[in-house]
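No lab work stands behind these numbers, since they all come straight from the coordinates. Worth saying up front: this structure is predicted, and the values here are computed from it rather than measured. Cβ: placed from backbone, ideal geometry, glycine included. Neighbour counts: every protein chain shown.
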Amino acid sequence: MCIRDRYRAAQNLNSIQDGMSKAVADELKSERLKIDLITNVSHDLKTPLTSIISYVDLLAQEKNLPEHVNDYIAILAQKSERLKNLIQDLFDLSKASSATIAMELEQIDLVRLINQTLADMEEQINESGLTFRVNIPDEPVFIWADGKKLYRVWENLIANTLKYSLTGSRVFIDLTSDGKECLSTIKNTANYEMTFTEEEIMQRFVRGDEARSTEGSGLGLSIAQTFTEICGGSFAITIDGDLFKVELCFPIYHE
């Protein structure tokens, strides 16, 4: 190869490198803009929504209102609460994605956390008609994580099974440890045909039931994954026919 050819080859490589660098920079800028937009919109919506919820609460305290008016107020309360939760989900996810979310890392007993989440959601579980089979150790399993974030993870995962499990089926929750890592799983039988891949269901705002027969933002699994990962764990989904399984893996914490 002559000097001229080597020079042209070097120029081409530099052009490719510059192009790749620009593409990466543009993608990062685009992602930051999306995160900033979601954060700002979520923040701007909170104030008027808080006022709406306050006025709905005041209306609910009024006496001698016609029955149909009380029904309207109940619907307003339900929908405004759902919107409040959606805005909070958007805000939390954008903060976590931008690595600006506050973390309170501490020693967490995963056994206790799972049991506490199940106890807090006992009424919803009993009303679901599902049978929960929980197989976790009696002794503590300690990890280093943010307890509130991890509680949110399990709350979202259990809520997901309550929405999308086949009526009358069983939900399995397991926790095992080998002394170095612990693996917790939750699996259920879906009440619809899962025609998507593991990657597709993890996209934000994507919901499994195409008929949208249940309420939801499509952010639950994405939040669970993001919060798991910022707590130092790994998050994996497996789809096998009608079986939907989520696995969380964390290193064991030793003092």
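A few notes on this one:
- By definition, a body whose alpha carbon gyration tensor gives a ≥ b ≥ c is oblate when a/c is 1.5 or more and a/b is not larger than b/c, and the stretch 43-164 fits this oblate description.
- Summary of packing: across the peptides 124-136, 155-167, 56-68, 219-231, the per-residue average of other C-beta atoms within 10 Å ranks them, highest first, as 219-231, 155-167, 124-136, 56-68.
- Linear extension gain, ALA60 paired with SER169, 0.36 nm per residue minus alpha-carbon span: 35.5 nm
- Extension gain, CYS249 back to GLU106 (0.36 nm per residue minus Cα-Cα distance, nm): 49.8 nm
- Protection-proxy order for peptides 241-247, 49-55, each taking the mean of Cβ atoms within 10 Å per residue, highest first: 241-247, 49-55
- Size of charge dipole - the stretch 42-92 - debye, nearest 20, with Cβ of Lys, Arg +1 and Asp, Glu -1, no other charges: 40 debye
- Gyration tensor (alpha-carbon) shape descriptor, the stretch 105-251, a/c threshold 1.5: prolate
- Distant-in-sequence amide contacts of ILE252, defined by a placed amide H-H separation under 5 Å and a gap of 5 or more residues or a different chain, comprise GLU181, CYS182.
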